[in-house]
Each structure stands twice: as structure tokens, then as C-alpha cells.
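The values are calculated or read from the model by the stated rules, or taken from the named source; none is laboratory data. Predicted model only: the values in this text are computed from it and were never measured. Glycine gets a Cβ as well: all are built from the backbone with ideal geometry, and neighbour counts include every protein chain shown. SASA here: full protein model, heavy atoms, side chains in, ligands and nucleic acids out. Shrake-Rupley method; radii C 1.70, N 1.55, O 1.52, S 1.80 Å.
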Amino acid sequence: GGSVADLVADLHRAASALTKESRGISDSCILPIPLVGPERLPEVVQSASDNLRREARAALGIPEKAVVFLTIGSAYKYSPIGDYSFLTAASAILAQLPHAYILAVGPKEQGDWATLATNTGGRLKAVGVHADLSLMFPAADIYLEGFPCGSLTALLEAGLRGIPCVRTPLTSKGVYCSDSESISHVASPTDMGAYITTALTLGTSEVTRRTEGSVLRNAIIEHHCGEGWLERLASMERRIPER
């Protein structure tokens, strides 16, 4: 397919690099993932009127005043590579923040996930695959991108709701690390230790969470929603050669 394309639209920079370097296609542009604007998200619309955060936490069995980390991804994306393990990082975070919870959507509470859930008194909640995330985002304070494989779309969906994010460590390479112009201001932790430190910083400062969440939300709106995204589409269309 690549040999007949006049222009390839990639979703982010790492994919564009693959197009040029590995597929031998020089004419590539980046068209960010399009997202629905926050004004059309049901939980954002409702939150001002019915305290959705409190209700979501009650439904999930999480205390109202807990610090809640959310992570979303297919279970295989969390499979450890040697000592490079999301669950090791999660254990360290929960050990140092005794009132924190980690809510994991995708992985099931089995194997090592079940062990950590037991060892933390249920403060790790691996709830499996959920198509409806209407409870998950309102309950969260911080988004933890999973590793070794990140999930860009899930990170963007969280950030769009004003939830600050901890990105996949740079120990993961290339397309396994999420990248987008909208998150370029959020530094990627250099390694797993830095990932834990970043999570702890956000977990102990509500002011930092609010500030970083607001900046991230505005950046995602600019690049992925409404007029900003449509301008990127129009720019791509102008690069298509005329016949």
C-alpha cells in the first residue's frame, strides 16, 4: 500500500519516523488523533451539578479522600521485561502513599495483579476490560501510563479531562513510548525510578495536580479537538499533490 500513496498521515512522531526510515516513504505528515471536545463529555457536563467524583468512588469501593491513580491498557502492555515492571513501580507508589489507590482498567485481578492487590489490602484494583469508563475518569486524580508499552489514546482521554499524567519511562523505546505535540511539555521519566518519583510528586501535591492537569487539558484541546484539529487536517490536504 505504501508504494501507491501520495501522502502518509501518521498519528505521532515515532510512527512518522517508522514510515520514513523503515518503510522508505519520504512524504509523511502528522495528523493527531481526533478527540471529542470536553464540552461533549457526559461526565464533564454532569460533574458541576451532581458530585460525580464522590459517586464514582463510592461505586468503585474507593474512599472519598483517597489519592487515586488510574491506568488503562491491554493486559499484555504491562507484561514485565526482567526487572522493568509496572507492578514493581505500582508497589513502590502504594508503599509510600498509604492512602493511595491504583485503579487498573484492562488487566484482571489474577496472578501478580492479585498478589499485589492482596498485599496492599485491596488498594490495587485491577478491574479487567471495561467499554464504559464513565466511573473511572471521574474517580481519578492522576493518570499512570502503563509500561513497557504505553497507550497514547488512553493518556489523551485522561488528559482531556484535566487529569495530570505520568508518561511511560524512556527505558521503553520508539513507538512503545507515547508521543504527541500535545504532551511534549510533560517530561518523560528517564527510568522506572524517575517514574515512581514523578508519581509521588503528583500524589502529594493537589496544587501541582491541578496546575499540570489544566495545562495538559488545554494542550490536548488545541491539537486534538475542534478547530485546531481541523486546521491540521486542512494543512495535510494542501500537501496532497494535484493530478
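Okay, here's what the table says:
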read-out	value
Fraction of accessible area attributable to carbon and sulfur, region 134-181 (%, probe 1.4 Å)	58
For region 55-68, 3J(HN,Hα) per residue [Karplus equation, 6.51 cos²θ - 1.76 cosθ + 1.60, θ = phi - 60°, Hz, x = Gly/Pro]	5, 5, 5, 4, 5, 8, x, 10, x, 4, 9, 6, 8, 10
Residue-level accessible surface for residue 13, protein heavy atoms, 1.4 Å, Å²	120
Cα centroid separation - region 47-97 against region 129-202, whole Å	12
Sequence-distant residues sharing a close amide H with residue 72 (under 5 Å, placed H)	105, 146
Accessible solvent surface per residue of the chain, calculated while the other protein chains remain in place, 1.4 angstrom probe, Å²	50
Convex hull volume per residue for region 156-210, taking Cα atoms only, in Å³	75
Net charge, residue 116 excluded, C-beta distance under 11 Å - Lys, Arg +1, Asp, Glu -1	0
Structure-derived Cα Rg over 2.2 N^0.38 Å: which label, when the choices are [x] 1.07; [y] 1.16; [z] 1.65	[x]
Under-5 Å amide H pairs with residue 165, H placed in peptide plane, nonlocal only	143
Under Karplus coefficients 6.51, -1.76 and 1.60, residue-wise ³J(HN,Hα) of region 130-141 in Hz, glycine/proline x	10, 6, 9, 9, 5, 8, 6, 5, x, 7, 8, 9
Check: the chain dipole with +1 on Lys, Arg Cβ and -1 on Asp, Glu Cβ, in debye	300
Region 1-111 - Rg over Rh from alpha carbon coordinates, Kirkwood radius	1.12
The chain - share of DSSP beta bridges that are antiparallel (%, nearest 5)	10
Distance between modelled label sites at residue 5 and residue 51, nm, 7 Å Cα→Cβ extension	5.1
Inter-probe distance in nm under a simple model that places probes 7 Å from Cα toward Cβ, at residue 236 and residue 187	3.2
Built amide H within the under 5 Å cut-off of residue 101, gap 5+	67, 68, 69
Vicinal HN-Hα couplings computed from phi for region 144-159 (Karplus, 6.51 cos²θ - 1.76 cosθ + 1.60; Hz; Gly/Pro x)	9, 6, x, 7, x, 10, x, 9, 4, 4, 5, 4, 5, 5, 5, x
